[in-house]
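Peer 1: Once you've had a glance at the structure underneath, I'll fire off some questions.
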Amino acid sequence: MGINIFLYISVVCIWGTTWIALLGQTGEVPIVLSVFYRFALASILFLPTLYLLGKLQRVQSRDHFFFLLQGLCLFSINYLFFYNASLYLVSGLISVIFAAATIFNAFNQWLIWKKRPPVTIYFSSILGVIGLLMLFWEQFLGQYDSELLIGIAYALVGTYCFSLGNMVSLRHSACGIQPWTSIAYSMIYGAIILLMIALVTGAEWVWDSHPLYWGTLLYLAIPGSILGFTAYLSLVGRIGADQAVYSTVLFPVVALTISTFVENYSWSITAVVGLFLILLGVLLALKGNYLRQYLLKRSAS
């Protein structure tokens with residue numbers, strides 16, 4: 001239980017701060033190259049480190065097909081959709097849509113793995129989404145224009161890709177493949193996919209030499225990608241994708257806390273109520289998971 005809580009908090013804190021870091025990646029560098037730089041750097045650092053530490057598992061050749069799928073869903077295509085969504089929507093609104101990952105994971109686990117999630121997941125997901133809607137209600141009103149649907153479509157597709165990547169991760173866990181091994185290989189495949197997309201689309205190869213750009217790039221590559229995904233996929237393997245993904249609902253809370261001091265974010269009454277609903281949903285999701293584990297232990301005994 002203690003390890004699960006530690007992983008949960010780590011994911012929320014790391015990925016919650018990447019929302020701010022993404023602001024430094026927008027500019028003269030094409031989106032596909034910024035995402036490519038991120039995961040190319042992460043894979044170059046991560047795979048040799050695992051090998052030198054003796055932590056890189058031996059895997060079978062068929063596993064690489066699933067590493068490719070995971071790289072497609074978690075380390076390439078999904079980020080292209082999210083980055084493009086940011087051209088139409090504010091980051092807070094994208095976070096609201098990303099909270100749908102809780103519902104997507106529950107649906108995909110039933111569809112792909114025939115695993116029925118606990119009823120509490122649906123209630124906690126509803127509370128989380130409503131809470132996020134209240135947190136960003138003013139942004140919703142400000143984004144109501146002809147480009148809203150385009151941004152929502154990008155964000156929803158990116159979120160569903162993320163959920164499919166979670167399903168692949170469950171396969172790795174069932175096969176005994178540690179998260180860091182699957183991440184190291186999947187990041188390489190993700191970077192290769194992004195490179196191919198950049199070449200096919202004729203993206204202009206440029207580099208932003210400003211400290212803000214490469215500083216945020218390092219942060220997104222190392223804590224945001226290597227540490228964040230290792231913690232998250234470890235959590236998926238330990239408590240299931242439907243439970244682990246609820247940590248994504250808390251990301252905007254961390255981002256808003258930072259924005260309060262850095263960007264002078266103003267808390268409204270609806271935002272405070274929204275935060276309360278999110279925390280209530282988290283408690284409900286965690287209680288549901290522990291209750292299910294307790295009942296399984298009792299039935300086994």
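Peer 1: Find all pairs meeting these conditions: Cβ atoms under 6 angstrom apart; at least six residues apart or on different chains; first residue within segment 1-17 and over 14 Å from Ala244 (Cβ atoms); second residue open to solvent by less than 30 Å² (accessible area, probe 1.4 Å) and of a type in the set (A, V, I, L, M, F, W, C).
Peer 2: Within 6 Å, the pairs are Gly16/Phe251; Gly16/Ala255.
Peer 1: Let me ask another. Residue by residue through segment 177-203, note down the ones that are of a type in the set (S, T, N, Q) and modelled with pLDDT of 90 or more.
Peer 2: Passing the criteria: Thr181, Ser182, Ser186, Thr201.
Peer 1: Right, another one. Read through the list (1) in contact with a Phe, Trp or Tyr (Cβ under 7 Å, 6 or more places away or on another chain); (2) assigned to a helix (DSSP H, G or I), then give the number of the only condition that Arg116 fails.
Peer 2: Unmet for Arg116, out of (1) in contact with a Phe, Trp or Tyr (Cβ under 7 Å, 6 or more places away or on another chain); (2) assigned to a helix (DSSP H, G or I): (2).
Peer 1: Which one of Val206, Val262 is at pLDDT 75 or above and over 21 Å from the mean Cα position of the chain (by Cα)?
Peer 2: Val206
Peer 1: Do you know which of the residues in segment 1-19 that are assigned to a helix (DSSP H, G or I) and open to solvent by 50 Å² or more (accessible area, probe 1.4 Å) is modelled with the lowest pLDDT?
Peer 2: The extreme case among them is Gly2.
Peer 1: Under 8 Å between Cβ atoms, at least 6 apart or on separate chains: pull out the pairs that start in segment 75-94 with a residue that is open to solvent by 10 Å² or more (accessible area, probe 1.4 Å) and end on any residue that is modelled with pLDDT of 85 or more and not in a helix (DSSP H, G or I).
Peer 2: Hits for this filter: zero, empty list.
Peer 1: Ok, one more. When you scan segment 45-57, how many residues do you find that are assigned to a loop (DSSP other than H, G, I, E, B) and under 12 Å from Tyr185 (Cβ atoms)?
Peer 2: Selection size over segment 45-57: 2.
Peer 1: Suppose the filter is open to solvent by 40 Å² or more (accessible area, probe 1.4 Å) and among the small types (Gly, Ala, Ser); does Gly202 pass it?
Peer 2: Criteria met by Gly202.
Peer 1: Can I ask one more? Can you tell me which residue within segment 61-72, out of those that are in a helix (DSSP H, G or I) and open to solvent by 20 Å² or more (accessible area, probe 1.4 Å), is farthest from Leu164 (Cα to Cα)?
Peer 2: My answer is His64.
Peer 1: Of all the residues that make up segment 171-197, how many are part of a helix (DSSP H, G or I) and open to solvent by less than 30 Å² (accessible area, probe 1.4 Å)?
Peer 2: Looking only at that region, the number is 13.
Peer 1: Taking the criterion of being open to solvent by less than 40 Å² (accessible area, probe 1.4 Å) and of a type in the set (D, E, K, R), would at least one residue in segment 34-45 satisfy it?
Peer 2: Yes, there is a match, as at least one residue in segment 34-45 is open to solvent by less than 40 Å² (accessible area, probe 1.4 Å) and of a type in the set (D, E, K, R).
For (1) outside any helix (DSSP H, G or I); (2) closer than 18 Å to Leu47 by Cβ, each residue gets a yes or a no:
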{"residue": "Gly165", "(1), (2)": "no, no"}
{"residue": "Leu199", "(1), (2)": "no, no"}
{"residue": "Ser209", "(1), (2)": "yes, no"}
{"residue": "Leu217", "(1), (2)": "no, no"}
{"residue": "Leu220", "(1), (2)": "no, yes"}
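Peer 1: When you scan segment 109-119, do you find a residue that is modelled with pLDDT under 75 and in contact with an Asp or Glu (Cβ under 6 Å, 6 or more places away or on another chain), even just one?
Peer 2: Within segment 109-119, one or more residues are modelled with pLDDT under 75 and in contact with an Asp or Glu (Cβ under 6 Å, 6 or more places away or on another chain).
The values are calculated or read from the model by the stated rules, or taken from the named source; none is laboratory data. These figures come from a predicted structure and were not determined experimentally. For neighbour counting, all protein chains shown are included, and Cβ atoms are generated from backbone atoms with ideal geometry for every residue, glycine included. Surface accessibility is based on the protein's heavy atoms, side chains included, excluding ligands, DNA and RNA. Shrake-Rupley method; radii C 1.70, N 1.55, O 1.52, S 1.80 Å.
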